[in-house]
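Colleague: Before we start, here is the structure in question, set down as structure tokens.
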Amino acid sequence: MSKLAILGGEPVVKTPADEIKGLFKWPIVNKAMEDGVLSVLRDGNMSGTDITRKFETEFAKWNGTKYALAHSSGTASLQAAMFGIGLGVGDELICPSVTYWASGLPALSLGATIVFAEIDPKTLCLDPKDFEKRITPRTKAVVVVHYCAYPAPMDEIMAIARKHNIKVIEDVSHAQGGYYKGKMLGTFGDVGAMSLMSGKSFAIGEGGILVTDNDEIYQRAMLWGHYERANSITLPGLAEYKGLPAGGYKYRMHQLSSVVGLEQLKKYDDEIAAIDKAMNYFWDQLADIKGLDSHRPSDKGSTKAGWYACKGLYDSKAFGGLSLSYFIKAIQAEGGQGFAAGCNAALHTHPLFHTFDVYGAGKPTNTANLPAGAEPKQGEGDLPVSETICNSAFSIPWFKHFNKQVIDEQVAAVRKVAENYKELLASDPKEPVVGKFFQTARKN
Ligand SMILES: *Cc1c(COP(=O)(O)O)cnc(C)c1O
């Protein structure tokens, strides 16, 4: 085997980078989407709700829920879901520490406390055992993230939540269209909410959507940020407040997004199938390499729809202690595209949750409404898996199409480095990996 490219050898990848990156291009915009956007624009119909309501109907049908409510962003849909289930002052919301911030942060404006929980190092999703440990008499809800498209262990999570009478919010931002044991994600919890922004698998522009079977959650979410839905709010106790958004927010989706969404629904399942074929092929070729795990579910009927922000898992011990950062640099030197070390930084270490008095209550906001002494232990060292996972999780090329030749070359880049890792040990600078999107860490 030739010498590794990072040490001066010949790179294994011959296809030009631009050509490889062409397979990553997302979203796939077709003529129907372009025509739809132009017609909304020419009709001056951006702020209506006629197209958005059609999109909601079709989305709910596709996702297998009674209701869907479109939002201006995934963040807005998550906050509406939190209000929908009744999260409020003094309540605790359990949230995995490794996720995008919007899974939990909207809870702060409701007066609730975010209690971060550990992730499982294999699934990268909420660790059910740690979730149960963090339940207190104040725990109102848990937000479950299907992180990087991996379906979270819903059997375990739902059993714990039901036992303790805790509401479940599914954040499906990474996994639209995915299944857990044959059932679609977003249909397990009391409510699902998700981003549909351009980087996500189901990409329609800035936007989000809430899905639920529950009338009360649906109507509360409408009352929260959709003043124009007055006629749809009928439940006693809510109907008297219709006409003004109870949260003081305006969260409707603009129709340039919903018209794209209607078209995206028509082709998304086919796109998922193409991505699935490409990504599974990529990992199947690497199945024999010890120390690399493909971060795909093995349960029958569980899928990684769309493979958003797809990851692999690296076990440094299997490579003589070689750092992930150097392993990835070596793959990049071979011409590897889309490889990057790390994932989201552990949220619980950020000072926002410990010291910032956002609303001027005279106390740090995240714990302002807890009884004295009830602050959760959330400093550095309290969630060790979340704090170190950046040194084993890494991004892999996100192929949107199956192209055997290109994928084989990327596989060869990984294989060459994995099989010759010993050549790297002497020069490993062992740079620690920094997570997204911040680098601060709080000491206990
Ligand atoms: C993107 C994302 C969101 C937020 O969605 P926006 O549309 O960007 O507001 C929420 N949760 C997760 C897990 C996300 O990745």
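Any read-out appearing in this document is the output of simple, stated calculations on the displayed coordinates, not a laboratory observation. Treat the numbers as computed from the prediction; the structure is a model and nothing was measured. Quick reminder, even Gly has a Cβ in these numbers, built from the backbone with ideal geometry, and neighbours come from all protein chains shown.
Colleague: Which pairs, out of K61/K400; K21/K266; K363/K430; K66/K250; K25/K54; K140/K400, put more than 31 Å between their alpha-carbon atoms?
Modeller: Details: K61/K400 25 Å; K21/K266 25 Å; K363/K430 40 Å; K66/K250 23 Å; K25/K54 28 Å; K140/K400 39 Å.
Over 31 Å Cα-Cα: K363/K430; K140/K400.
Colleague: Which one, Q337, Y179, G192, is farthest towards the positive end of the dipole of the chain when Lys and Arg carry +1 and Asp and Glu -1 on their Cβ?
Modeller: G192
Colleague: Near K290, which aspartates and glutamates are there with a Cα under 14 Å away, not counting those fewer than 8 places off in the same chain?
Modeller: Within reach: D315, E419.
Colleague: In addition: Which whole-number percent is the relative contact order of the chain (Cα, under 8 Å, 6+ apart)? If you can, show how the numbers build up before the last one.
Modeller: On the way: 939 pairs, mean separation 93.0, N = 444.
Relative contact order, the chain: 21 percent.
Colleague: Going through segment 275-311, which chymotrypsin sites (Phe, Trp or Tyr not before Pro) have at most 13 other Cβ atoms within 10 Å and a DSSP loop state? Present the calculation step by step, with values, prior to reporting the outcome.
Modeller: On the way: sites: Y281, F282, W283, W307, Y308; in loops: Y308.
Hits after loop and neighbour filter: nothing returned.
Colleague: Which of rounded, prolate or oblate describes segment 31-262 when judged by the alpha-carbon gyration tensor and an a/c cut-off of 1.5?
Modeller: Working: a/c = 2.03, a/b = 1.38, b/c = 1.47.
Oblate, since a/c reaches 1.5 and b/c is not below a/b.
Colleague: Picking from P376, L7, P351, whose Cα lies most toward the positive end of the charge dipole for the chain (charges on Cβ: Lys, Arg +1; Asp, Glu -1)?
Modeller: P376
Colleague: Suppose we take every Cα in segment 361-423 and form the convex hull; what volume per residue is that in Å³?
Modeller: 176 Å³
Colleague: Also: Rounded to the nearest Å, what's the spacing between the alpha carbon centres of segment 185-221 and segment 318-368? Just the number, please.
Modeller: Here the two parts' Cα centres lie 26 Å apart.
Colleague: Right, another one. Please go through segment 340-444 and write out the GluC sites (Glu not before Pro) that DSSP classes as loop and that have at most 14 other C-beta atoms within 10 Å. Could you put the intermediate results ahead of the total?
Modeller: On the way: sites: E380, E387, E409, E419, E423; in loops: E380.
Filter output for segment 340-444: E380.
Colleague: What is the distance in Å between the Cα centroid of segment 1-54 and that of segment 247-279?
Modeller: 14 Å
Colleague: Further question on the same structure: Rounded, prolate or oblate: which fits the chain, taking a ≥ b ≥ c as square roots of the Cα gyration tensor eigenvalues, rounded meaning a/c under 1.5, else prolate when a/b beats b/c?
Modeller: Values: a/c = 2.14, a/b = 1.34, b/c = 1.60.
Because a/c hits 1.5 or more and a/b fails to exceed b/c, the chain counts as oblate.
Colleague: Right, something else. Multiply the residue gap between E228 and R42 by 0.36 nm, knock off their C-alpha separation, and tell me the result in nm, one decimal place. Don't skip to the end; give the middle numbers.
Modeller: Numbers: separation 186, 0.36 × 186 = 66.96 nm, distance 2.27 nm.
Computed gain between E228 and R42 is 64.7 nm.
Colleague: Going down the table (K181/K377; K311/K404; K304/K404), which pairs top 22 Å between alpha carbons? Provide the component values of the computation, followed by the final result.
Modeller: Values: K181/K377 34 Å; K311/K404 20 Å; K304/K404 20 Å.
Distance filter (> 22 Å) returns K181/K377.
Colleague: Around S72, under 12 Å between beta carbons, what's the net of Lys plus Arg minus Asp minus Glu among the other residues? Working shown, then result.
Modeller: Details: positive: K250, R252; negative: E206.
Here the charged neighbours net out to +1.
Colleague: Counting other Cβ atoms within 10 Å of each Cβ, which trypsin sites (Lys or Arg not before Pro) in segment 221-306 have at most 11 and sit in a DSSP loop? Intermediate values should be presented prior to the final figure.
Modeller: Details: sites: R229, K242, K250, R252, K266, K267, K277, K290, K300, K304; in loops: K242, K250, R252, K290, K300, K304.
Here the trypsin sites (Lys or Arg not before Pro) that fit, given the DSSP loop and packing criteria, are K290, K300.
Colleague: Could you compute the net charge surrounding K329? Neighbours are other residues with a C-beta less than 15 Å from the C-beta of K329; K and R count +1, D and E count -1.
Modeller: Details: positive: K416, K430; negative: E334, E423, D428, E431.
With Lys, Arg at +1 and Asp, Glu at -1, the net is -2.
Colleague: Normalised by the number of residues in segment 142-247, what is the relative contact order in percent for Cα pairs under 8 Å and 6+ residues apart?
Modeller: Working: 181 pairs, mean separation 18.8, N = 106.
Relative CO of segment 142-247 lands at 18 percent.
Colleague: Additional query: Counting helices only, and only those DSSP H runs with n ≥ 4, report the 222 nm mean residue ellipticity of the chain as the sum of -39,500 (n - 2.57) divided by its residues, in deg cm²/dmol to the nearest 500.
Modeller: On the way: 11 runs with 132 residues, N = 444.
Theoretical 222 nm ellipticity from helices: -9000 deg cm²/dmol.
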